[in-house]
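This report concerns only the one structure given below.
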Amino acid sequence: MTKHKTLAITGTTILCLWPTILAAQEQEPSFVLNGSVEIGAGYSSEDSFKFGEYTGLSDEGAFFIGNVDAIARDAYDDDSAYYLELQGRNLGLENRSIDLEAGSQGRFGGSLNYSQIPHYRQQDAVTPYSGEGTNVLALPPTWPDVGDVGAPQTTTGVTTILPVASMRRIDLVNRRERFGGSLFWLPRENWRFDVDYRNERKTGTQTTFGMFGENGGNPLSVALAEPTEYETNEIDAFANYASGNLQLQASYSGSFFNDRYDSLIWHNAYTGGTTSGNAWTDIPDEGQMALPPDNQAHNFTLSGGYTLSPTTRVTGSLGYGIMLQDEDFLPYTINPGIAIATPLPRTSLDGEINTLRADLGISSRLTSALDLSGRYRFSDRQNETPRDQYAYVPNDAGTQGGNGTRINTPHSFTQHLANLDAAYRLGTYTRLSLGYEYENMERTFSERDKTEEHTFEAKLRGRPTDSLSGWVSYAYGWRDGDTYVGNAPYRASTFPDPGAGAFENHPELRKLNIADRTRNEVRAVANWMTSDAITTTFGANYALDDYDDTTIGLTEGETIGAKADVSYAASENLTAYGYYAYDRTRYEQKGHRFVSFPPLNNLTDPAQRWSVETTDQVHTLGAGIAWAGFAENVNLTLDYAYSRARTAYDPAGGVSSNGPTGGGGATTDDLPDVETDIHSVELAADYAVTAGVTVRFAYLFEYYDSADWALDGVGVDSITEVLWFGGDSPDYTAHVIGISTVIAF
């Protein structure tokens, strides 16, 4: 649905309602009608994709302000209870929505809804390719063919062939359009049936990278505008029964995803190889990559609860799901210069994943002071996708099977999760809670077949005085498992088996989700009612994750947070608030640099070890006031918010050494901080012209300043082996004003 169609529908609806509104004022109605319509105009001063990222206010200029709320229902003393409700939001912007609901209260009903959500990703991206929005991206006719004199070996010669000023400017934008509806029916007491349907279309472009190359010495890539032409249909159906102590629900959820394009094809901008002289096996004219495949998912669930006694209740659920993906495979390569001796083992993945879930919980108040609850969850994910050997072609540029034949590894897992919690009232306003959680995970095609995690938590909640209340909690947990075999997935996915000593990643590398870890976490909240008019809330949290057995990988993670907010109610007409929050996240990571092949020669060389400490810090503060009766017939609201975010990198390298490899030690350079500052001011003033008509003035000021070394100053050809879109970190200063009239009825 286009913007004009949306406005036309909304305008038509309002016009249709208007005679009814006027008639309702002249005669005694048999129904109650109320609501409001807001119509006006606004102006934005800024051309910025970042400012309009999710609203569509990306261009300087005027825009329409439109909102509507209308509800008509039978009078309270009527025998029937029919209703009709219309709601429209942001009808002049791209993040608009319209909802229409009708029915009979407590008997049946339905709704229709439409919404649009834009995502403005990058403005004025620079590329030599044409065809954005389609799945074939072509270079200009003047671009030298591969192998011709003047064809660039890297990005160094690109701007000689086509100056940046002559390249295409494209915008990377996605838009989601959602349409849906729902129905409910209560055929008799205790029963309710619901059906919900949603259709979502995502169109536009987003960034991806196309790569040629067959090993670590000759990769060359280009930034590409990937087309997004997705459609997803979802349906949910529920049947509910509730009577006395028993509640039951049976449900079905289905999801069906379709991508208009199965692949993206782009022309090769390079002549092949790199300046190191490590050339490709064959220079491709084109490259091809697969885009997200069509797929579907189905889930069936039966759940319920039963109250055994006034103090004891049990709940449970049982669910089964299946996910299917049967998209046809693309060929190994579209490069005609590469011989394909071994065909694809099958025409499609024939992917299938079956899931089984079961939950059982019980809670009981054993005494007036003691509550106990427990829960057990079983989750089983079995990936039934067939396994086959694939003699792949590396990035349309290498020999088939030159890097080995790989076997797909359909990952499965089984989870057992159990919780036990106890709460004891120590006094009228004091409560102590103790909890324990146990998780057992078994995985296939993983570095660890089994992991176990234990978590203990204690929480004390109290109210020491009439004006002060709060709580504090402490949690301690640890995770361990069976022997970590770093090359197990690699060996399982390679044919023939490369042997026990072969590896893809350093043997000492540990993945954070299955590595041994201990965790300490403290949280606290306090609420202080200083007076009848002033309420203050304080909060703090601290968590430390220690991966004590990890030599390479994430070794430590720490988070610290603190917040305070205060609200002040000076009178019924005047309220104010203020808040401040601080969050810091710190990670320590260690790695190893390979300087020779085979890398087995320098696995333990301390000179090749490096580490980096990354720290994210965010300060957020704000204040606001709402003043009804600021002046005669004038209500005023004012809000201010500020956010300051910094990411700092502190790298360190190994000692200077030639080591057994003859190469120098790992070296590091300091990186600049990544910085973002945002100031925002919102002002709104409502002037009541009459009892039902209000004139609204709104003003928004927003200042955004960012610096990111990964973007700033990085041009099209700044990276020798990556042809980039260009562009810098976004900055803007935006002023938005709006004047509208709100008519209430």
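Please list, in order along segment 321-333, the HN-Hα scalar couplings obtained from phi with the Karplus expression 6.51 cos²θ - 1.76 cosθ + 1.60 (θ = phi - 60°), rounded to whole Hz, x for Gly and Pro.
x, 9, 10, 10, 8, 10, 5, 4, 5, 7, x, 3, 7
Please name whichever of 446, 612, 217 sits farthest to the positive end of the charge dipole of the chain, dipole taken about the Cα centre and charges placed at Cβ: Lys and Arg +1, Asp and Glu -1.
Of 446, 612, 217, it is 446.
Kindly express, to the nearest 10 degrees and within the range 0 to 90, the angle between helix 3-26's C-alpha long axis and the longest C-alpha principal axis of the chain.
The angle comes out at about 10 degrees.
At 7 Å along Cα-to-Cβ for each site, give me the label-to-label distance between residue 243 and residue 171 in nm.
That separation, rounded to one decimal, is 5.9 nm.
Please work out the Cα center distance from segment 83-110 to segment 697-729, rounded to the nearest Å.
40 Å
Test of understanding: extend the Cα→C-beta vector of residue 365 to 7 Å, then name every residue of segment 304-325 with backbone N under 11 Å from that spot.
Under cut-off, by backbone N: 310-312.
How far, in nm, would the chain grow between residue 488 and residue 314 when pulled straight, counting 0.36 nm per residue and subtracting the alpha carbon separation?
58.4 nm
Got a sec? Charge dipole of the chain, +1 on Cβ for Lys and Arg, -1 for Asp and Glu; which of 398, 243, 152 is way out at the positive end?
243
Over the chain, what portion of Cα pair distances is larger than 48 Å, expressed as a whole percent?
34 percent
How far apart, in nanometres, would the label points at residue 708 and residue 263 be if each is projected 7 angstrom from Cα along the Cα-to-Cβ direction?
Placing both labels 7 Å along Cα→Cβ, they lie 3.2 nm apart.
Go ahead and collect, in residue order, the members of segment 690-713 whose backbone nitrogen is under 16 Å from a label point 7 Å along the Cα-Cβ direction of residue 41.
It comes to 696-698, nothing else.
Let me know the charge dipole size of segment 333-391 about its Cα centre in debye, to the nearest 20, where only the beta-carbon of Lys, Arg (+1) and Asp, Glu (-1) is charged.
The calculation lands at about 220 debye.
What ranking do 388-400, 559-571 get when scored by the average of other Cβ atoms within 10 Å per residue, highest first?
Ranking, from highest mean packing down: 388-400, 559-571.
Quick one: accessible area per residue over segment 388-534, 1.4 Å probe, rounded to a whole number of Å²?
Computed with neighbouring chains in place, this is 53 Å² per residue.
Counting only protein heavy atoms and using a 1.4 Å probe, what share of the accessible area of segment 138-235 belongs to carbon plus sulfur, as a whole percent?
That share works out to 53 percent.
Just the number, please: carbon plus sulfur as a percent of the accessible area of segment 666-736, 1.4 Å probe, no ligands or DNA/RNA counted.
Roughly 56 percent, rounded to a whole number.
Quote to one decimal, in nm, the extra length available between residue 480 and residue 407 on full extension: 0.36 nm per residue of separation minus the C-alpha distance between them.
Length difference between fully extended and current span is 23.4 nm.
What whole-number distance in Å separates the alpha-carbon centres of segment 184-212 and segment 383-437?
First find each Cα centre; the distance between them is then 25 Å.
Placing unit charges on C-beta atoms (Lys and Arg positive, Asp and Glu negative, everything else neutral), compute the dipole magnitude of segment 355-468 about its Cα centre in debye, rounded to 20.
Once rounded to the nearest 20, the dipole reads 480 debye.
Under unit Cβ charges (Lys, Arg +1; Asp, Glu -1), what dipole magnitude, rounded to 20 debye, does the chain have relative to its Cα centre?
The dipole of the chain has a size of about 1620 debye.
For 167, 529, write out the residues from largest to smallest accessible area, computed with a 1.4 angstrom probe and no ligands counted.
Largest accessible area first, the list is 529, 167.
Provide the per-residue ³J(HN,Hα) series for segment 159-172, in order, calculated from phi with Karplus coefficients 6.51, -1.76, 1.60 and θ = phi - 60°, each as a whole number of Hz, with x at glycine and proline positions.
6, 6, 6, 9, x, 4, 5, 9, 6, 6, 9, 10, 10, 9
Set Lys and Arg Cβ to +1 and Asp and Glu Cβ to -1, take the dipole of segment 517-582 about its Cα centre, and tell me which of 524, 557, 537 lies farthest positive.
Of the options given, the answer is 537.
At a probe size of 1.4 Å, how large is the accessible area of residue 360, to the nearest 10 Å²?
Near enough 110 Å² of accessible area.
Just for segment 496-563, what percent of DSSP beta bridges are antiparallel, to the closest 5?
The antiparallel proportion sits near 95 percent.
If R0 is 51 Å, what FRET efficiency do you get for residue 526 and residue 149 from their C-beta distance, rounded to 0.05?
It comes out at approximately 0.10.
Check the chain and count each lysine pair with an alpha-carbon distance under 19 angstrom, considering only pairs eight or more places apart or from different chains.
Lysine pairs, 8 or more places apart or on different chains, close enough: 4.
What distance in nm separates the simple spin-label points at residue 84 and residue 348, each placed 7 Å from Cα in the Cβ direction?
4.6 nm
Tell me the per residue accessible area of segment 74-133 using a 1.4 Å probe; a whole number in Å² is fine.
I get 47 Å² per residue for this part.
Residues with beta-carbon under 12 Å from that of residue 303, excluding residue 303: net charge, scoring Lys, Arg +1 and Asp, Glu -1?
With Lys, Arg at +1 and Asp, Glu at -1, the net is 0.
Ordering 191, 471, 185 from largest to smallest accessible area (1.4 angstrom probe), what's the sequence?
Most to least solvent-accessible, the answer reads 185, 191, 471.
Taking amide H atoms as placed 1.01 Å from N in the peptide plane, list the residues 5 or more away in sequence, or in a different chain, whose amide H sits under 5 Å from that of residue 136.
265
Give me, ordered by chain and number, the residues 5 or more places off residue 745 or on other chains with an amide H under 5 Å from its own placed amide H.
35, 36
Within a Cβ distance under 12 Å of residue 316, other residues only, what is the Lys/Arg minus Asp/Glu net charge?
+3
Taking θ as phi - 60°, what are the ³J(HN,Hα) couplings along segment 475-489 by the Karplus curve (6.51, -1.76, 1.60), each to the nearest whole Hz, with x for Gly and Pro?
10, 10, x, 8, 10, 8, x, 6, 4, 8, 10, x, 9, 4, x
Sort out for me the Cα centre separation of segment 117-154 from segment 295-372, rounded to whole Å.
Value for the Cα centre distance between the two parts: 41 Å.
Ranked from the most accessible area to the least, with a 1.4 Å probe and all protein chains present, what is the order of 603, 366, 172?
So, going from the largest accessible area down, we get 366, 603, 172.
The values are calculated or read from the model by the stated rules, or taken from the named source; none is laboratory data. Predicted model only: the values in this text are computed from it and were never measured. FYI the Cβ positions are ideal-geometry reconstructions off the backbone, even for glycines, and counts take in every protein chain you see. We work out accessible area using only protein heavy atoms, side chains counted, and drop any ligands, DNA or RNA first. Shrake-Rupley method; radii C 1.70, N 1.55, O 1.52, S 1.80 Å.
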